[in-house]
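Report on one structure; see the data block that follows.
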Amino acid sequence: MDLGGTKITTAISDLTGDIIEKTTLATGSALGEEVVMGRIFDSIAMVLEASGIHEEEVRAIGIGAPGPLDAEKGMIITTPNLPFKNYNLVKPIENRFGIPAYLDNDANAAAIGEYTFGAGKGTKHMLYMTVSTGVGGGAVLNGRPYRGNTSNALEIGHMTIEPFSKHQCNCGKFGDVESLASGTAIAKRAKEAVEAGKDTLLSQSETLTSYEVHQAYLEGDAVAQEILDTAFEYLGIAVANLIVNFDPEVIVIGGGVTKIGDLFFEKVRESARKRSFDFMFNATRIVPSQLGQETGVIGALALALIESAEK
Ligand SMILES: [Zn+2]
């Protein structure tokens, strides 16, 4: 189950990750925790019924949800787009269906998904980073998900990389990766440039997202180029910090901003290369996500598989 603020996508698969049935319901976050819990139950019941598979045949349920949360206790602590506060999500599901359930934050689930079925397949030490409206991450080290003490490790978006920055993040801090290089940050810089009256194609755009900034970049717009190149430079700093700290085999990068494609990966690699030890950089592949739009639900399926496997 990919539990999001606007929709709940639940799928049932076989042990190789092939999806048998999938359903999507509106989360109904504004209607409170009981309504959302009811929809969670409904979505599980729906895929069971549609697939003709009985509860007893199901090995585990994996749930990816926005953090921060306590993966060990199966508890959502608090998150802006869901009504749950210090709420144990796992117990009611286990009680209702008699199936072991595992909760993890969506970035960790995506990391496990890429490790099991995607771009991290066959590796031992893999990091995942998502660059979307926010910036997040997860790790699989020695073949096991690494969550840290409070299960919130790899909050890559909230690494401070610019100590004197005036750009503030949703978390309240200044100069962290998310405030400087997320899709939201790129859009903000574009808006600021337009408002400052800079000579740019961006002033003709109705909406300003990283997509429009990329389009203007391709048309040779100097303001757009500076905005994106700066964001890529910062992302490269984050990647270099990951390389020197974790010495991974592969860093998989997904999320909407990576749709920019080769330009994104070339610039981020170049920035990371300048800031890493050569031999470590050369030993690290930096590659796009392979799961794309299905990352959420496939990550949750992979979480169920990896957590219910013998350790
Ligand atoms: Zn932050």
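The values are calculated or read from the model by the stated rules, or taken from the named source; none is laboratory data. From a predicted model like this one, the values you see are computed outputs, not experimental measurements. Positions of Cβ are backbone-derived with ideal geometry, glycine not excepted, and every protein chain shown enters the neighbour counts. We work out accessible area using only protein heavy atoms, side chains counted, and drop any ligands, DNA or RNA first. Shrake-Rupley method; radii C 1.70, N 1.55, O 1.52, S 1.80 Å.
Worth pointing out:
- Pair list, Cβ < 6 Å and 6+ apart or interchain, from region 227-242 residues that are in the same structural domain as Phe264 (by TED's automatic domain parsing) to residues that are among the charged types (D, E, K, R): Ile227/Arg189; Phe232/Lys267; Ala240/Arg275
- Checking Gly136, Gly143 one by one, the residue that is within 13 Å of the ligand (Cβ to nearest atom) and under 16 Å from Val252 (Cβ atoms) is Gly136 and no other.
- Considering region 75-109, and only residues there that are among the acidic types (Asp, Glu) and open to solvent by 50 Å² or more (accessible area, probe 1.4 Å), the residue that is nearest to Thr6 (Cα to Cα) turns out to be Asp106.
- The lone exception for Thr230 - which of (1) touching a Pro at 6+ places or on another chain (Cβ under 9 Å); (2) open to solvent by 20 Å² or more (accessible area, probe 1.4 Å) it fails: (1)
- Where strands (runs of 3 or more DSSP E) sit wholly within region 1-84, those with at least 2 residues that are at pLDDT below 95 occupy 75-78.
- One residue from Asn152, Asn170 being touching a residue at least 60 places away in the same chain (Cβ under 8 Å) and either farther than 19 Å from Leu218 by Cα or among the hydrophobic types (A, V, I, L, M, F, W, C) (or both): Asn152
Yes/no matrix, rows are residues, columns are (1) farther than 17 Å from Pro68 by Cβ; (2) more than 14 Å from the chain's Cα centre (by Cα):
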residue: Ser132; (1), (2): yes, no
residue: Asn149; (1), (2): no, yes
residue: Leu154; (1), (2): no, no
residue: Thr160; (1), (2): yes, yes
residue: His167; (1), (2): yes, yes
residue: Asn170; (1), (2): no, yes
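- Inside region 138-167, residues that are small (Gly, Ala, Ser), under 20 Å from Asn108 (Cα atoms) and part of a loop (DSSP other than H, G, I, E, B) make up a count of 4.
- Search result, residues across region 22-36 that are more than 23 Å from the chain's Cα centre (by Cα) and surrounded by 13 or more Cβ atoms within 10 Å (Cβ to Cβ): Leu31, Glu33, Val35
- Residue in region 146-160 that is farthest from the ligand (Cβ to nearest atom), counting only those that are under 18 Å from Asn245 (Cβ atoms) and small (Gly, Ala, Ser): Gly148
- Picking from residues in region 161-196 that are aliphatic (A, V, I, L, M) and surrounded by 24 or more Cβ atoms within 10 Å (Cβ to Cβ), the one that is farthest from the ligand (Cβ to nearest atom) is Ala190.
- Among residues of region 99-133, those that are away from the ligand (no atom under 16 Å from the Cβ) and not in a loop (DSSP other than H, G, I, E, B), counted: 18
- Applying the condition of being in contact with a helix residue (DSSP H, G or I) (Cβ under 6 Å, 6 or more places away or on another chain), among the small types (Gly, Ala, Ser) and within 19 Å of Glu249 (Cα to Cα) to region 110-133 and asking which residue is surrounded by the most Cβ atoms within 10 Å (Cβ to Cβ) yields Gly113.
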